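Everything below concerns the one structure shown next.
All of the numbers you see were taken from the coordinates with simple rules; none came from a lab. Computed from a prediction, not measured in an experiment: that's the story for all the values here. FYI the Cβ positions are ideal-geometry reconstructions off the backbone, even for glycines, and counts take in every protein chain you see.
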Amino acid sequence: MRRWNGWGDETFNLAMPEQGQAFLADRIGNGSPLADASLESVCARVPETRLSPGPELHDLIDTRPETRVRHARGQSLADWLAMRSGEFGVFPDGVACPASNEEVRQLLAWAAKENINLVPYGGGTSVAGHINPVDNGRPVLTVAMGRMNRLLDLDPDSQIATFGAGTPGPLVESQLRAHGFTLGHFPQSFELSTIGGWVAARSSGQQSLRYGRIEQLFAGGRVETLQGTLTLPTFPASSAGPDIREMVLGSEGRLGLITEVKARLTRLPEHESFHVVFFPDWDSARTASRLLVQNRTQLSMLRLSNAVETETQLALAGHSRLIGMLERLLSLRGAGEAKCMMTFGVTGSRQQCQNALQEARRTCKAHKGVYTGTRLGDKWAAKRFTMPYFREALWQMGYAVDTLETATDWDNVDNLLGLIETNLRDGLADRQEKTHVFTHLSHFYSQGCSIYTTYVFRVGNRYEETLARWQKLKTSTSELIVANRGTISHQHGVGKDHAPFLPVEKGELGMLAIRSLCSTFDPDAILNPETLVK
């Protein structure tokens, strides 16, 4: 069973090691947890539905309070505080669960006729406010795509598979694995998020160096719109005008509901392994990572933690005796207090992996990297989809945690990273509060990389104060990012949280084009209003 007020499976928890608690207390002080609202108390506050579906739609729409609560919020920190406090604000008036394109078309026609806001819902993992209903006077219908979760077709010659848009990551991979293929798209939300959501929010998987971001994997598909069905054919390439696929990618439900995704596949690899290297300082680590990508070393993933994140990860890893031995060994080899940890993966045939590993080790060694093998890499792989559960452990200790991510060119990485961390670290000084801040570079390109920063702070003595602390940190840092050559989102989309900052990135004419596109498909603005653009 999914947690109604947090991340993932309610039977699974990640415990915070004792030394991890001591580490955070030393950095920002001891926390004092806030009391959580109960599901029963929240359900009692859900208002009567404003929907009156006829008999032809009655079986598709669930108006029970608990169903509406479970589909009212995503997974941003603001959503987390709303769920934990019980102060949701707006609830959907009902949740529809279509199982076919025809049923989606019926829902769209009914929403247009009755002037109902319609919000698409995939895995509910949004961290940018994509799926939150708004109060604009209209009833709200959330459309959960979870019943459209099957492999519909597979062309092994072209290596293209067609999936229902509500197919979550594990079902995508298990259905492909039976035929000897993989999509290879592994965002941290992989276990819960859906293939349609990946397209709608322009997602990036952890192994994008090998498989590509979702825009490289998305070959075509089907979108049900208020103006009719939009069919996107699959072509290897085309120069026939603007690419309609690109209009759908990142559209976040404003144009219509993605119901089918045609995706480009790769055959299952013969071998895969993950390796860790420690560098003595940030400059050598960043330079090595840039060269690995610009030299086109055949890695499947690459992640580089700065010194504070490296320290934090080792402190939270547990096994203090083994970690202590590792740190002493690294210090003897020149990777001391300022050390930075690089994790990289090699995937493919055994020969390809051997060649890539040798080339990567040569590059790292040339920049004073200390190779430590696969043990820590295996640990990363084992926990790659469970790290969001740490938010629960931190919450129970009285801490809030959130992330900010962006991307910029190589010549601006250090400047922007420094601005982000300084702003977050000092952002609550006026409240006499400290923030623990650390960063890794999570996706790499020849021209630049993404910057993924995590920040932890103590909750206030009230929910309102905790939300105010987050808003101050989030807003001021987002303003700083777009003012300093960073995108407002590398992999999490725009939603409602990032929408105020999008005009700086797109410009006046760009925003006009986006709004014009939305109004063409949805002239009455009933589809996911205030998401992406207002």
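General observations
- Spatial separation of Cα centroids for the range 239-255 and the range 328-359, in angstrom: 39
- In terms of its C-alpha gyration tensor, the range 71-208 comes out oblate, because a/c is 1.5 or above while a/b does not outweigh b/c.
- Euclidean distance between Cα centres, the range 443-504 to the range 148-176, Å: 33
- With 0.36 nm allotted per residue and the present C-alpha distance subtracted, the Arg375-Arg462 stretch has 27.1 nm of extension available.
- Residues Met145, Met16, arranged from fewest to most other Cβ atoms within 10 angstrom of their Cβ, appear as Met16, Met145.
- Cubic angstrom per residue, convex hull over Cα atoms of the range 391-507: 110
- Here the sum of -39500 (n - 2.57) over DSSP H runs of 4 or more residues, divided by the residues of the chain, equals -11000 deg cm²/dmol at 222 nm, to the nearest 500.
- Lysine-lysine proximity count for the chain, Cα under 21 Å, sequence distance 8 or more or distinct chains: 12
- Loop sites in the range 255-285: GluC sites (Glu not before Pro), DSSP, at most 16 other Cβ within 10 Å: Glu270
- Which of Met511, Met342, Met325 has the fewest Cβ neighbours within 10 Å, and the rest in rising order: Met325, Met511, Met342
- A straight line joining the Cα centroids of the range 92-139 and the range 1-80 runs 19 Å.
- Dipole magnitude for the range 271-384: computed about the Cα centre from +1 point charges on Lys and Arg Cβ and -1 point charges on Asp and Glu Cβ, it is near 260 debye.
- Computed from Cα positions, the angle between helix 282-294 and the longest principal axis of the chain comes to roughly 60 degrees.
- Distances between placed amide hydrogens fall under 5 Å for Gln75 paired with Ser126, Val127, Ala128, Gly129, all partners being 5 or more residues away or on another chain.
- With the simple spin-label model, which puts each label point 7 Å out from Cα in the Cβ direction, the Glu479 to Asp157 separation comes to 5.9 nm.
- Note on the range 271-384: dipole from Cβ charges, positive end direction compared against Thr347, His275, Gln294; the farthest Cα belongs to Thr347.
- Cβ-derived FRET efficiency at R0 60 Å, Ala25 paired with Arg362, nearest 0.05: 0.90
- Against the rule of thumb 2.2 N^0.38 Å, how large the Cα Rg of the range 417-466 comes out: 1.43
- By the Stokes-Einstein formula, at 1.306 mPa s and 10 °C, the range 271-384 with its Kirkwood radius over alpha-carbon pairs has D equal to 113 µm²/s.
- Rounded if a/c under 1.5, otherwise prolate or oblate - the range 178-287, Cα gyration tensor axes: prolate
- Thr347 long-range amide H proximity, modeled H, under 5 Å: Ser300
- Farthest positive-ward along the chain dipole, Cα basis, beta-carbon charges - from Ile488, Pro65, His367: His367
- Extension reserve of the Lys472-Tyr445 stretch, reckoned as 0.36 nm per residue once the Cα distance is removed: 6.6 nm
- Debye equation applied to the C-alpha atoms of the range 1-80, log10 I(q)/I(0) at 0.14, 0.25, 0.26 Å⁻¹: -0.70, -1.26, -1.28
- Angle between the chain longest axis and helix 18-28 axis [Cα atoms, degrees, rounded to 10]: 80
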